[in-house]
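Working notes, structure below.
The values are calculated or read from the model by the stated rules, or taken from the named source; none is laboratory data. This one's a predicted model, so the numbers in the text were calculated from it and none came from an experiment. Note: ideal-geometry Cβ built from the backbone for every residue, glycine included; neighbour counts use all protein chains shown.
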Amino acid sequence: MLFLDTQAHRDIYGSKANVKRAKSYEAWAKNVDEPNTALATDPVVHARKRKILNQAFTEKSVKHASTFITRHTERWIDLLVDGHDISQEYGWSKTRNMSEWNDWVVFDILGDLCFGRSFEIKEPGPNPIREIPNHIIRHVQFFYPVSLSTKSIAVIDTNQILQSPLMEFFVWAKPKGLDYLLDLVTPEDVKMYYKFVDDSVSQRIHEEKSGKDEEKSRLDIFHFLCAAKDPVTGERYSEDELRAEAIMLIVAGSDSMSAILAAFWFYMSRSQSAYTKLKTEIRSTFRSSDEIVSGSKLSSCVYLYACIDESLRISPAGPSEFAREVLPGGTIINGEHFPRGVVVGCAHWAMGYNEKIFGDPTRFRPERYIPSETTGVTVEEVNRIKSYFQPFLIGPTNCVGKNVAMTELALIIARTLFRLELRAAPGENLGAGHPSLGWGRRDENQYQISDAYITVHDGPMLQFKKRIA
């Protein structure tokens, strides 16, 4: 059963909800006996893992993460306007597919943060790791129909969740030999990726055990993961758990960041007023790209964060429901009792396009998040929509990396628009709706995404050039 109501969202995902993650999550786990925090269905197991994981995402770790983010972002910006393919007449770069370019910078950032080794897939030249984001998407698209078969993009059935009849068998069979068969058909590049992860984690564990003090240690997310321990028992993650969490962080983080950035670039390249307003805010706030760091000055860019909020709403990372199964004793959702075993959820794409809340949900309008007498937006209205739409979820299963994600989005966007101009590539409409695509996908001004639990997307096609003044 799917809901669009604010109270239902609190009842399903809040800290007092009598639910657990649906069994479909077990279909995704590489190791059913040792799931990572994002896939653990047992509330007790999840709570233990989450207590430890929380310690890797403190204000201190976010501050150190920004160093890695800015380094990769600056190199990425250089490559966007690399001199080898710049038009001599107008200064615009060749066309860039931003879904691909987003993948490259985000993967490199997360590799550096989570494994202590960058993938370097943004760099020119052959790199077999570069195909990993595509392999991950195909892997998820293969498993998604087994676990949940809701359709999404412009249409979500808000009355029910259709759980595949194969799912129960699939979960039962995974530890009984099916995993072995799946491994046989796993692409070599994906196997190479897993080996890369194993080698990277083993190396980082060795480094962390070498006795270096914090001043000499590499203060990435993995450092804080290794140092984290259960506040009650003092227990730390095992090596297998560290591998599982590292894989989870990069898969979850890369897709979400890439999808949100893709939507941002799409709408920014098609809304001259928003583009002008945002780059003016950024360029008047900072005197150089080096000044753009995590802190109060960046936080003062109100329109920047309004654009990020609007991108999160209009192209959510995870457009469908985060399914939850009602536990023994049942639960009350929106004043109605639901018995044990019922699968419930709130679909983020549908919530973000709720006309009763947003009025004009297909429009990219960051001003809806900024109180102003000029636009007529009140503080109460902003609070209402922010309390309704929760892109990072709420409660015990909310996104642990929210602060890192918001920092990463803000730094990539602000540094890019400080240094570069952008435009939609002439004649290119990849990612846009079209009348030929059918009902719900005809709007040429709407960025098109598909639901595979993660957000599948392509485009937009942009060009960049160096800022003149």
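A few comments on the model shown:
- The conditions of being part of a loop (DSSP other than H, G, I, E, B), hydroxyl-bearing (Ser, Thr, Tyr), modelled with pLDDT under 80 and in contact with a helix residue (DSSP H, G or I) (Cβ under 6 Å, 6 or more places away or on another chain) are not met by Ser210.
- Pairing each residue of region 283-305 that is within 21 Å of Ser273 (Cα to Cα) and of a type in the set (D, E, K, R) with any residue that is at pLDDT 95 or above and buried (at least 18 other Cβ atoms within 10 Å of the Cβ), provided the two are 6+ apart or on different chains, yields C-beta distances under 7 Å for Arg283/Phe418.
- Of the residues Lys297, Lys209, the single one that is under 20 Å from Phe68 (Cβ atoms) and basic (Lys, Arg) is Lys297.
- Qualifying residue in region 400-414 (condition: farther than 30 Å from Ser300 by Cα, in contact with a Phe, Trp or Tyr (Cβ under 9 Å, 6 or more places away or on another chain) and outside any helix (DSSP H, G or I)): no
- Residue list for region 80-136, filter: more than 25 Å from Lys465 (Cα to Cα) and acidic (Asp, Glu): Asp112, Glu131
- Residue check for Asp108: surrounded by 14 or more Cβ atoms within 10 Å (Cβ to Cβ), among the acidic types (Asp, Glu) and modelled with pLDDT under 90: no
- Residues satisfying the stated conditions in region 46-71, i.e. outside any helix (DSSP H, G or I) and more than 30 Å from Lys23 (Cβ to Cβ): Thr58
- Residues in region 96-131 that are touching a residue at least 60 places away in the same chain (Cβ under 8 Å) and of a type in the set (Asp, Glu): Asp103, Asp112.
Results for (1) in contact with a helix residue (DSSP H, G or I) (Cβ under 9 Å, 6 or more places away or on another chain); (2) closer than 14 Å to His9 by Cα; (3) not polar (S, T, N, Q), shown as yes or no for each residue.
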position: Pro316; (1), (2), (3): yes, no, yes
position: Ser320; (1), (2), (3): yes, yes, no
position: Arg324; (1), (2), (3): yes, yes, yes
position: Ile333; (1), (2), (3): yes, yes, yes
position: Gly345; (1), (2), (3): yes, yes, yes
position: Glu355; (1), (2), (3): no, no, yes
position: Arg363; (1), (2), (3): yes, no, yes
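- When region 381-440 is filtered for residues that are under 19 Å from Leu261 (Cα atoms) and of a type in the set (Gly, Ala, Ser), the ones remaining, listed by number, are Gly401, Ala405, Ala410, Ala414, Ala424, Ala425, Gly431, Ala432, Gly433.
- Looking across region 365-396, the residues that are among the polar types (S, T, N, Q), under 29 Å from Lys16 (Cα atoms) and touching a helix residue (DSSP H, G or I) at 6+ places or on another chain (Cβ under 7 Å) come down to Ser387, Gln390.
- Within region 80-101, considering residues that are farther than 21 Å from Val293 by Cβ and part of a helix (DSSP H, G or I), the one modelled with the lowest pLDDT: Asp85
- Residue check for Glu428: assigned to a loop (DSSP other than H, G, I, E, B) and either among the acidic types (Asp, Glu) or without any contact (Cβ under 8 Å) to a residue 24 or more places away in the chain (or both): yes
- A single entry from Glu408, Glu380 fulfils the requirement of being under 30 Å from Ile77 (Cβ atoms) and at pLDDT 95 or above: Glu408.
- Of the residues making up region 258-273, those that are of a type outside the set (Ser, Thr, Tyr) and within 20 Å of Pro426 (Cβ to Cβ) are Ala262, Trp265, Phe266, Met268, Arg270, Gln272.
- Every listed requirement among (1) modelled with pLDDT under 95; (2) in contact with a helix residue (DSSP H, G or I) (Cβ under 8 Å, 6 or more places away or on another chain) is met by Leu422 save one, (1).
- Residue list for region 431-451, restricted to those being surrounded by 22 or more Cβ atoms within 10 Å (Cβ to Cβ) and in a strand (DSSP E or B): Tyr447, Asp451
- Strands (runs of 3 or more DSSP E) within region 266-362 that include 1 or more residues in contact with a His (Cβ under 9 Å, 6 or more places away or on another chain) and surrounded by 23 or more Cβ atoms within 10 Å (Cβ to Cβ): 343-346
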